[in-house]
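The values are calculated or read from the model by the stated rules, or taken from the named source; none is laboratory data. It should be emphasised that the depicted structure is a prediction, and the values quoted were computed from it without experimental measurement. Cβ placement follows ideal geometry from the backbone for every residue including glycine, while neighbour counts extend to all protein chains displayed.
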Amino acid sequence: MLVDRFNTLVRRIPTAALYILCALPAPWLFYLGVTGGLGAEPIKALERELGEIALQLVIVGLAITPLRRYLRVNLLKFRRALGLMAFLYVALHLAVWLFLDVQIAAQIWADIIKRPYVTIGMAAFLMMIPLAATSNNYSVRKLGPKWRQLHRLTHVIAILGAVHFIWLSKGFQLEPLIYLAVIMGLLALRIRPQRIKQVA
């Protein structure tokens, strides 16, 4: 079958290739920012692009379980890499905001406290830290069943990331709402049918 052939091909692709592929946009975006390729406000544009890539990687990671369950497409070997690269892009997004945009330490704390979208974004980042720190085989063995419970924070992080994007967007923009709708749809697909019957 076509799906079986695809899964066989996926197994032959080294995970390192995904790390390299996902890392490529970062230096390119910084290059564009330096050379004027990101428009009149390169720092703001760079922040947005890095944050959006992070959100896209989180969404792709969320899609792995539904793809496996409903279409038998197995991309499980790439989930850890996607999560770590999403964390990297969030960290870069935050670094640009801290060091190139705000720059003043007192203003940073004021923004975190006073601006809800900054508060939400920072909360999502802090939740990602333990996930990134435990994305290794040792942690999986050490934590046991608790590892899976901990990494369910990804669901909350995805929602917070989408809300952060919606809130910081000026005026009504359809794109952030689409991201949130996709995330909610993927989370709904992760609910097992028997659980739905029990609730009904």
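Observations, loosely collected:
- Any pair with Cβ under 7 angstrom, 6 or more apart, that starts in segment 62-91 at a residue that is buried (at least 16 other Cβ atoms within 10 Å of the Cβ) and ends at one that is not basic (Lys, Arg) and not in a helix (DSSP H, G or I): ILE64/LEU75; LEU67/VAL73; LEU67/LEU75; ARG80/SER135; GLY83/SER135; LEU84/SER135
- Criterion applied to ALA26, ALA91 was being part of a helix (DSSP H, G or I), under 12 Å from the mean Cα position of the chain (by Cα) and under 28 Å from ILE166 (Cβ atoms), and the one residue passing it is ALA91.
- GLY33 touching a Leu at 6+ places or on another chain (Cβ under 9 Å), under 26 Å from ALA133 (Cβ atoms) and not hydrophobic (A, V, I, L, M, F, W, C): no
- Any hit, segment 68-75, residues being over 21 Å from LYS170 (Cβ atoms), within 16 Å of the chain's Cα centre (by Cα) and either at pLDDT 95 or above or not in a helix (DSSP H, G or I) (or both): no
- Residues satisfying the stated conditions in segment 109-126, i.e. of a type in the set (Ser, Thr, Tyr) and either surrounded by fewer than 15 Cβ atoms within 10 Å (Cβ to Cβ) or in contact (Cβ under 8 Å) with a residue 40 or more places away in the chain (or both): TYR117
- Yes/no for LEU55 being over 21 Å from the mean Cα position of the chain (by Cα) and assigned to a helix (DSSP H, G or I): no
- Cβ-Cβ contacts under 7 Å between residues 6 or more apart (or on different chains), taken from a first residue in segment 139-162 that is at positive phi to a second residue that is in a helix (DSSP H, G or I) and surrounded by fewer than 15 Cβ atoms within 10 Å (Cβ to Cβ), are absent.
- Enumeration of residues in segment 160-188 that are outside any helix (DSSP H, G or I) and either in contact with a Ser or Thr (Cβ under 9 Å, 6 or more places away or on another chain) or surrounded by fewer than 15 Cβ atoms within 10 Å (Cβ to Cβ) (or both): LYS170, GLY171, PHE172, GLN173
- Pairing each residue of segment 170-189 that is farther than 11 Å from ILE59 by Cβ with any residue that is outside any helix (DSSP H, G or I), provided the two are 6+ apart or on different chains, yields C-beta distances under 7 Å for PRO176/SER169.
- Subset of segment 131-159 [of a type in the set (Gly, Ala, Ser), in a helix (DSSP H, G or I) and more than 15 Å from the chain's Cα centre (by Cα)]: ALA133, SER139
- Criterion (of a type in the set (Ser, Thr, Tyr), touching a Phe, Trp or Tyr at 6+ places or on another chain (Cβ under 9 Å) and more than 24 Å from ALA123 (Cβ to Cβ)) met by exactly one of THR35, THR15: THR15
- Beta carbons closer than 9 Å, at least 6 apart along the sequence or on distinct chains, never pair a first residue in segment 1-26 that is farther than 19 Å from VAL73 by Cβ and surrounded by 11 or more Cβ atoms within 10 Å (Cβ to Cβ) with a second that is at pLDDT below 95 and acidic (Asp, Glu).
- Filter pass, PHE6 being closer than 18 Å to PHE165 by Cβ, part of a helix (DSSP H, G or I) and of a type in the set (Phe, Trp, Tyr): no
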